[in-house]
2 protein chains.
Amino acid sequence: MKKLINAPADVVREAVEGLAAASPELLVWHDAPLYLRRRQPKEHSCVALVSGGGSGHEPLHGGYVGFGMLDAACPGDVFTSPTPDQIEAATRAVATPAGTLHLVKNYTGDVMNFDMARELCQADGMAVEAVVINDDVAVKDSLYTAGRRGMGTTVFAEKICGAAAEQGLDLPGLASLGREVNDNGRSMGMALSSCTVPAAGKPTFTIGAEEMEVGVGIHGEPGCSRTALKPVREIVELLCGRIFADLPFRPGDEALVLVSGMGATPLLELQVVFREVARACGEAGIRITRSLVGNYITSLDMAGVCLSFLRMSARFQELWDFPVHTPALRWGR
Amino acid sequence: MKKLINAPADVVREAVEGLAAASPELLVWHDAPLYLRRRQPKEHSCVALVSGGGSGHEPLHGGYVGFGMLDAACPGDVFTSPTPDQIEAATRAVATPAGTLHLVKNYTGDVMNFDMARELCQADGMAVEAVVINDDVAVKDSLYTAGRRGMGTTVFAEKICGAAAEQGLDLPGLASLGREVNDNGRSMGMALSSCTVPAAGKPTFTIGAEEMEVGVGIHGEPGCSRTALKPVREIVELLCGRIFADLPFRPGDEALVLVSGMGATPLLELQVVFREVARACGEAGIRITRSLVGNYITSLDMAGVCLSFLRMSARFQELWDFPVHTPALRWGR
């Protein structure tokens, strides 16, 4: 295993410390339990947003803490859910009288631990709601999931709900908005190589020199097929075909598109991927009105790509365009 | 070779097309000769900025075209200098009556071809100056260079000169500012793995499972030593030691720091690297006033990191903070 780390057991905490050190004007980190929160607390009239999950998906979620997105993020160990006490402490640290919304990716441990934390807070009289993101069209159930896995739509939900929260939308409205984003978001990924979990020290799965894993999850969990590596045009057609058919997207739809590298994919290749996505959308009559191309939801050092599509509405677009100031997304002020 | 591409011969053009398609409000691309330019031309009273170089270093340079940075970028083939006709055409496309500044990384082919393009433009009465970036402290000469190689200080120069150009600084002033940035910038990189050039189809160099290449260049060219892999703390101490001694940086100095992945390095690891850089700076009495952590100057799918430091001045900082709106850097408006 070759990684730029000290000891495997220290990676997550040191990465959190490094993230906060690089954006001291935006972030504060808290140790034991571990979480990141905004340096400037939100106004009391606005709902707080908290997310979290296993580490290894950077910049998700810590890189999205800041104005216009999250108020706090709880990083679990690598590919391991944060504990209920992390989530509870983060929620208490940023909660406002307007309440708190939890954005949770659909993995069994995440859902269970966010549930427990929410119940602990609610028992104390706090208003906390949760939205679960389950946008991966590749598999019905998986190694870590009952139902679909949560993928790139999480980024859309954090941005769009984050903007609406800044604008003062109330907790029921925000939870409803988050579900609407999830209902209109779809993702599917593929991998050229396995990731290597630091504590394991070896690749999570083996894959042949001429093979790819289609529908791979962001923890290296199996996808829906192992096939011969194809030109990127065919890979994108395959992924887009599944995504477009699932919602379904129809001619005339507008879309927000995320082309996210899995962690070890160069931007040169992601740009080629986007070209093919634009072509596939053109053929399907889908108009891309906004896009992100880069590393936004990753899987350690896996080479591959995750495509995420949100069927755009005027409201989603207005909230997407709202100012954001986080380590990983920044525009508009 | 596993890459998300169609044919190796088409990678660069397709990546340029993808970049422009993802940022249609910012960029226009031109085919034969190949270059990218801003969609909104600059005001006539402002000097135009043009850069370029071999592809494979994305987002450099195409990702830095836009308000507050470059007016045009010329992508050569992978790790191959752009041709004089590309550079000349890009310069003619964006030149203003105030003149054009070329920002050139110090590689033999780049310097030669930018020289030829500049002379062709000058022969036609155009005002064109050039600044050469040679900030890599690792090696004196290299496979591709007489003198030091150009690395991450290129990003600093493009941002800082780009801001000053928007503010109306004249051509001699801008060239002088670019040289001042270069004089105060230093970089050094290291690699855990080789990159693979698409047309070659195999890794540029071999490296053992427990080895690292210290002082590696951004084309996979050899560095100054091949040693056993060390904990990231020791790697950062080694790189910072060389960088701090070279300028030299002194206690009390302020610095702009870039921690750039080489293309296949996960953000989780880059955040740990930044933590160690912050520690090393603390010990040396250097105060980090601004920073970037992510993929900003890369080497295809190489795993590793490049550290770049700019000794900060009040003027540099003001220009760094000036609004920028490009695919890869965006803030302030």
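The values are calculated or read from the model by the stated rules, or taken from the named source; none is laboratory data. No experiment lies behind these values; they were computed from the predicted model shown. Cβ: placed from backbone, ideal geometry, glycine included. Neighbour counts: every protein chain shown. Please note that ligands, DNA and RNA were not included when accessible areas were found on the heavy atoms of the full protein model with its side chains. Shrake-Rupley method; radii C 1.70, N 1.55, O 1.52, S 1.80 Å.
In a reduced charge model with +1 at each Lys and Arg Cβ and -1 at each Asp and Glu Cβ, the range B:185-312 shows a dipole moment near 280 debye about its Cα centre.
Starting from the label point of B:Pro222 at 7 Å along Cα→Cβ, the same points in the other copies fall at 4.6 nm, in ascending order.
The same position A:Gly173 in the other copies lies at 4.8 nm from this copy, comparing label points 7 Å beyond Cα toward the beta-carbon, shortest first. Using the Cβ atoms and a cut-off under 15 Å, what net charge is assigned to the surroundings of A:Val324, where Lys and Arg are +1 and Asp and Glu are -1? It works out to a net charge of +2. As a length-normalised measure over Cα pairs under 8 Å and 6 or more apart, the relative contact order of the range A:94-183 settles at 32 percent. Listed values for the range A:47-55 are Karplus-derived 3J(HN,Hα) couplings in whole Hz (6.51 cos²θ - 1.76 cosθ + 1.60, θ = phi - 60°), namely 5, 8, 10, 10, 9, x, x, x, 6, and x replaces Gly and Pro.
Taking amide H positions as modeled 1.01 Å from N, with prolines and chain starts lacking one, the residues under 5 Å from B:Phe67 and 5 or more places away or on another chain are B:His325. Which distance in nm do the two modelled labels at B:Lys202 and B:Asp321 give, with both placed 7 Å along the Cα-to-Cβ direction? Placing both labels 7 Å along Cα→Cβ, they lie 5.3 nm apart. Relative contact order of the range B:185-312: 35 percent, from C-alpha pairs under 8 Å at least 6 residues apart in sequence. Interface residues of the range B:1-18, defined as a loss of at least 10 Å² in heavy-atom accessible area between the chain alone and the complex of all protein chains with a 1.4 Å probe, are B:Met1, B:Lys2, B:Lys3, B:Leu4, B:Ile5, B:Asn6, B:Val11, B:Glu14, B:Ala15, B:Glu17, B:Gly18. Rounded if a/c is under 1.5, else prolate if a/b is larger than b/c, else oblate: which is chain A, with a ≥ b ≥ c the root eigenvalues of its Cα gyration tensor? It comes out oblate by the Cα gyration axes. Volume per residue of the convex hull around the Cα atoms, evaluated for the protein assembly as shown, comes out as 133 Å³.
A P(r) calculated from all alpha carbon pairs of the range A:185-312, with 5 Å bins opening at zero, reads 2, 11, 23, 24, 19, 11, 6, 2, 1, 0 percent. Near B:Thr91: Cβ cut-off under 15 Å, other residues only, Lys/Arg at +1 and Asp/Glu at -1. The net charge is -3.
Computed about its Cα centre, the charge dipole of the range B:149-231 is approximately 240 debye, with only Lys, Arg, Asp and Glu carrying charge at their Cβ.
With the charge dipole of the range B:132-261 set up from +1 on Lys and Arg Cβ and -1 on Asp and Glu Cβ about the Cα centre, the Cα lying farthest toward the positive end among the listed residues B:Thr153, B:Ala228, B:Ala164 is that of B:Ala228. What residue of chain A sits with its beta carbon nearest the rotation axis taking A to B, and at what distance in whole Å? Nearest residue, distance rounded to whole Å: A:Ala264, 2. For the range B:228-300, the share of accessible area belonging to carbon and sulfur comes to 50 percent (1.4 Å probe, ligands and nucleic acids excluded).
Cross-link partners for A:Lys202 among the aspartates and glutamates, with Cα-Cα distance under 13 Å and sequence neighbours closer than 8 places in the same chain left out: A:Asp301. Shape summary: the range A:12-184 maps onto an equivalent ellipsoid whose semi-axes, from the alpha-carbon gyration tensor, are 21, 19, 15 Å in decreasing order.
Taking all protein chains into account, the per residue accessible area for the protein assembly as shown stands at 33 Å² (1.4 Å probe).
Our summary gives the range A:12-184 a relative contact order of 21 percent, counting only alpha carbon pairs under 8 angstrom and 6 or more residues apart. Interface residues of the range B:269-301, defined as a loss of at least 50 Å² in heavy-atom accessible area between the chain alone and the complex of all protein chains with a 1.4 Å probe, are B:Glu269, B:Gln271, B:Val272, B:Arg275. A crude spin-label estimate for the pair A:Arg287 and A:Gln167, with each label 7 Å from Cα along the Cβ direction, gives 2.0 nm. Could you please report the charge total around B:Gly147, scoring K, R as +1 and D, E as -1 over all other residues with beta-carbon less than 12 angstrom from its beta-carbon? Here the count lands on +1.
When the alpha-carbon atoms of the range B:129-177 are used, the pair Rg, Dmax equals 12.8, 38 angstrom.
Heavy atoms of chains A and B lose about 4400 Å² of accessible surface on contact, summed over both sides with a 1.4 Å probe.
Do any chymotrypsin sites (Phe, Trp or Tyr not before Pro) in the range A:195-257 lie in a loop, going by DSSP, with at most 16 other beta-carbon atoms within 10 Å of their beta carbon, and if so which? Counting only loop positions with at most 16 other Cβ atoms within 10 Å, the chymotrypsin sites (Phe, Trp or Tyr not before Pro) in the range A:195-257 are A:Phe205.
Membrane-span-like helices in chain B: DSSP H runs reaching 30 Å or more (Cα, own axis), mean Kyte hydropathy at least -1.0? For chain B, where a helix must reach 30 Å along its axis and average at least -1.0, there are no hits. Over all distinct Cα-Cα pairs of the range B:1-84, the Kirkwood formula returns a hydrodynamic radius of 13.1 Å.
Kindly identify the range A:248-333 as rounded, prolate or oblate by the Cα gyration tensor criterion: order the square roots of the eigenvalues as a ≥ b ≥ c, call it rounded if a/c is under 1.5, otherwise compare a/b with b/c, prolate if a/b is larger, else oblate.
On the way: a/c = 2.27, a/b = 1.14, b/c = 2.00.
The shape class here is oblate.
Could you give the dipole magnitude of the protein assembly as shown about its Cα centre, charging the beta-carbon of Lys and Arg +1 and that of Asp and Glu -1, in debye to the nearest 20?
On the way: 60 positive and 78 negative charges, 20 e Å.
It comes to approximately 100 debye.
Taking amide H positions as modeled 1.01 Å from N, with prolines and chain starts lacking one, the residues under 5 Å from A:Gly215 and 5 or more places away or on another chain are A:Gly189, A:Met190, A:Ala191, A:Cys224. In the frame of its principal axes, the range A:175-252 has Cα extents of 43, 32, 16 Å, reported largest first. Close amide-amide hydrogen proximity is noted between B:Asn295 and B:Gly261, each under 5 Å apart and 5 or more residues distant or on a separate chain (H modeled in the peptide plane; Pro and chain starts excluded).
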